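Colleague: Quick one: the structure is below, and I'll ask about it shortly.
The values are calculated or read from the model by the stated rules, or taken from the named source; none is laboratory data. Since the model is a prediction, treat every value here as computed from it, not as a measurement. We place every Cβ from the backbone using ideal geometry, glycine too, and count neighbours over all the protein chains shown.
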Amino acid sequence: MPFDAAVRPHVPHRLGFARRPAPRAVAAWLFTICAMLIVMVSLGGATRLTGSGLSIMEWAPLMGALPPMSDAEWRRLYALYQQIPQYNLVNQGFGIEGFKGIFWLEWGHRLWGRLIGLAFLLPLLWFAVRGAIDGRLARRLGLLFLLGGLQGAIGWFMVASGFAADSTAVSPYRLVVHLSMALLLYSVILWTALGLWRDGAPAAPSAARPAPPALRPLTMAVLHLVAITVVAGGFVAGMRAGLTYNSFPLMDGRLVPDGYWALPGLRNLAENIAAVQFNHRLLATLTATLALATAAYGLLRGAAGALRTRLLLLGGAVLAQYALGVVTLLWVVPVALGTAHQAMAVLVLTAALALLHAQPSRATIRTGVSRTAMPRPAQG
């Protein structure tokens with residue numbers, strides 16, 4: 001059960017620390033983790049765009065944190081890479097120096113993932129020892145840490161698909177699973193941090209002001225569309241569909257490209273380049289339209305304070321992402337723009353989640369109590 005200082009006398013922790021909930025300190029730590037995850041997603045995009053993800057053919061969660069320390073080790077890793085189709089079909093003859101170029105990017109991506117794990121686990125243990133988090137929150141965060149470890153295994157599961165015969169890239173399906181898991185973890189951590197930050201604020205003198213009546217369902221619809229659009233973008237990335245139909249708004253002079261139904265059933269939605277790119281364009285347009293309409297509705301209905309700020313952030317993030325997507329497509333997906341487009345998708349998701357969080361639920365408005373509130377220490 002959560003520690004309730006309002007009904008229990010102050011008792012020193014058996015290790016000498018006082019049990020004092022510190023929601024804003026915990027929230028600041030989780031916001032830092034979110035920032036690290038945005039960097040991680042960006043690095044993932046860069047490794048995909050440069051074909052670096054297949055350069056390390058071994059999954060060594062512990063020993064893999066050390067880079068090659070000798071010429072013999074570099075030659076061994078290069079020899080392993082020469083055995084896969086990507087080398088023979090794409091990078092044959094680029095030499096060990098070329099190999100080092102893609103190796104360091106993938107190694108940095110994996111190292112950053114390990115650093116996120118440490119940045120999550122060590123403060124979690126520290127806050128738990130100090131009593132800054134209650135049991136329920138500690139269990140939630142512990143589960144998120146385990147899921148983060150699972151995400152590492154999913155990453156290797158994805159990379160291993162690129163070693164198959166005649167394959168020069170990872171499976172689009174596995175890439176989408178890996179990306180979706182990353183964004184799910186990010187969303188839960190961000191939502192938890194937002195709740196803790198709000199719970200640590202000084203108590204308001206009056207009940208929360210209700211948002212415009214239709215704003216919450218509109219925001220929920222935007223959030224779902226953002227998620228679907230990002231998943232569709234994962235298939236665009238996995239199929240490298242952005243390297244074709246590099247015109248906008250038409251695709252080879254047509255609104256709906258020739259060959260849209262080239263494959264049977266659901267395979268068409270994930271494996272047909274024409275359909276994959278068209279669907280992502282359509283979903284992005286729907287998402288941008290609904291997000292801008294939601295922002296306009298909230299602002300015209302008099303949203304103020306944090307709610308107004310988050311409406312403006314959502315509208316600005318969606319406009320920036322849509323424009324960035326079009327430019328990335330027209331310029332045939334250069335690495336810098338493709339990476340920025342993937343990172344910006346996380347920021348759009350962030351804006352949608354923050355806007356939803358700024359709207360108190362009916363239960364919160366009625367009772368004036370947050371569901372995620374942490375108990376405060378008794379005064380005096």
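Colleague: Return only the number of the condition from (1) touching a Leu at 6+ places or on another chain (Cβ under 7 Å); (2) more than 21 Å from Trp29 (Cβ to Cβ) that Val188 does not satisfy.
Modeller: Tallying (1) touching a Leu at 6+ places or on another chain (Cβ under 7 Å); (2) more than 21 Å from Trp29 (Cβ to Cβ), Val188 fails exactly one: (2).
Colleague: Next question, about the same structure. List pairs: first in the range 288-305 and farther than 15 Å from Ala358 by Cβ, second modelled with pLDDT under 95 and not aromatic (Phe, Trp, Tyr), Cβ under 9 Å, 6+ apart or cross-chain?
Modeller: From the range 288-305, the pairs are Leu300/Pro212.
Colleague: Just name the residue that is farthest from Ala27 (Cα to Cα) out of those in the range 352-365 that are assigned to a helix (DSSP H, G or I) and either of a type in the set (Gly, Ala, Ser) or assigned by TED's automatic domain parsing to the domain that holds Leu194 (or both).
Modeller: Here is the first cut: in the range 352-365, the residues assigned to a helix (DSSP H, G or I) are 352-357, 362-365.
Now restrict to residues that are either of a type in the set (Gly, Ala, Ser) or assigned by TED's automatic domain parsing to the domain that holds Leu194 (or both): 352, 354, 363.
Details: Ala352: 19, Ala354: 14, Ala363: 23 Å.
Out of the qualifying residues, it is Ala363.
Colleague: Right, Arg130: of a type in the set (Lys, Arg) and either surrounded by fewer than 16 Cβ atoms within 10 Å (Cβ to Cβ) or in contact with a helix residue (DSSP H, G or I) (Cβ under 9 Å, 6 or more places away or on another chain) (or both) or not? Spell out the reasoning first.
Modeller: Numbers: of a type in the set (Lys, Arg): yes; either surrounded by fewer than 16 Cβ atoms within 10 Å (Cβ to Cβ) or in contact with a helix residue (DSSP H, G or I) (Cβ under 9 Å, 6 or more places away or on another chain) (or both): no.
No.
Colleague: Could you tell me which residue of the range 256-285 is modelled with the lowest pLDDT, considering only residues that are under 27 Å from Leu218 (Cβ atoms) and loosely packed, with under 15 Cβ neighbours inside 10 Å?
Modeller: Applying the first criterion (under 27 Å from Leu218 (Cβ atoms)) to the range 256-285 yields 269, 278-285.
Adding the requirement that they be loosely packed, with under 15 Cβ neighbours inside 10 Å leaves 269, 282, 285.
Numbers: Leu269: 93, Leu282: 98, Thr285: 98.
Checking each candidate, the answer is Leu269.
Colleague: Something else about it: Out of the helices (runs of 4 or more DSSP H) lying entirely within the range 203-321, which hold 2 or more residues that are farther than 17 Å from His341 by Cβ and more than 26 Å from the chain's Cα centre (by Cα)? Walk me through it before giving the result.
Modeller: Values: elements: 215-239, 267-271, 273-300.
Helices (runs of 4 or more DSSP H) meeting the threshold: 273-300.
For every residue, the table says whether it meets (1) modelled with pLDDT of 95 or more; (2) over 30 Å from Pro23 (Cβ atoms); (3) not assigned by TED's automatic domain parsing to the domain that holds Val236.
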site	(1), (2), (3)
Gly44	yes, yes, yes
Leu62	no, yes, yes
Ala65	no, yes, yes
Gln83	no, yes, yes
Phe94	no, yes, yes
Leu105	yes, yes, yes
His109	yes, yes, yes
Trp112	yes, no, yes
Leu118	yes, no, yes
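Colleague: Turning to a different aspect of this structure: Considering only residues that are under 21 Å from the mean Cα position of the chain (by Cα) and either at pLDDT below 95 or surrounded by 15 or more Cβ atoms within 10 Å (Cβ to Cβ) (or both), which ones fall in the range 327-340?
Modeller: Thr328, Val333, Leu337, Gly338, Thr339, Ala340, listed by residue number.
Colleague: Out of the range 289-338, which residues are touching a helix residue (DSSP H, G or I) at 6+ places or on another chain (Cβ under 8 Å) and at positive phi?
Modeller: Val332, Val333
Colleague: Right, here's the next one. Is it true that some residue in the range 85-106 is closer than 29 Å to Trp197 by Cβ, touching a helix residue (DSSP H, G or I) at 6+ places or on another chain (Cβ under 8 Å), aliphatic (A, V, I, L, M) and touching a residue at least 40 places away in the same chain (Cβ under 8 Å)?
Modeller: No - not one qualifying residue is present in the range 85-106.
Colleague: Right, here's the next one. Search the range 324-351 for residues that are not assigned by TED's automatic domain parsing to the domain that holds Tyr186 and pair each with any residue that is hydrophobic (A, V, I, L, M, F, W, C) and not in a helix (DSSP H, G or I) when their beta-carbon atoms are under 8 Å apart and the residues are at least 6 apart or on different chains.
Modeller: Val326/Phe248; Leu329/Phe248; Leu330/Phe248; Leu337/Trp331
Colleague: On the given criteria, is Leu179 buried (at least 17 other Cβ atoms within 10 Å of the Cβ), more than 24 Å from Gly64 (Cβ to Cβ), out of contact with any Phe, Trp or Tyr (no Cβ under 9 Å at 6 or more places or on another chain) and modelled with pLDDT of 95 or more?
Modeller: Numbers: buried (at least 17 other Cβ atoms within 10 Å of the Cβ): yes; more than 24 Å from Gly64 (Cβ to Cβ): no; out of contact with any Phe, Trp or Tyr (no Cβ under 9 Å at 6 or more places or on another chain): yes; modelled with pLDDT of 95 or more: yes.
Criteria not met by Leu179.
Colleague: Six or more apart or on different chains, Cβ under 9 Å: which pairs go from a residue in the range 46-64 that's part of a loop (DSSP other than H, G, I, E, B) and surrounded by fewer than 17 Cβ atoms within 10 Å (Cβ to Cβ) to one that's modelled with pLDDT under 90 and of a type outside the set (Phe, Trp, Tyr)? Could you list them?
Modeller: Close Cβ pairs (under 9 Å, with a partner that is modelled with pLDDT under 90 and of a type outside the set (Phe, Trp, Tyr)) amount to Glu58/Gly64.
Colleague: Something else about it: Can you name every one of the helices (runs of 4 or more DSSP H) wholly within the range 65-182 that holds 1 or more residues which are touching a Lys or Arg at 6+ places or on another chain (Cβ under 6 Å) and closer than 26 Å to His341 by Cα? Outline the logic, then answer.
Modeller: On the way: elements: 71-81, 95-130, 135-160.
Correct list: 135-160.
Colleague: Let me ask another. Looking at the range 301-323, which of its residues are surrounded by fewer than 18 Cβ atoms within 10 Å (Cβ to Cβ) and not β-branched (Val, Ile, Thr)?
Modeller: Of the range 301-323, the ones surrounded by fewer than 18 Cβ atoms within 10 Å (Cβ to Cβ) are 301-302, 304-306, 308-309, 312, 316, 319-320, 323.
Residues satisfying the conditions are Arg301, Gly302, Ala304, Gly305, Ala306, Arg308, Leu312, Gly316, Leu319, Ala320, Ala323.
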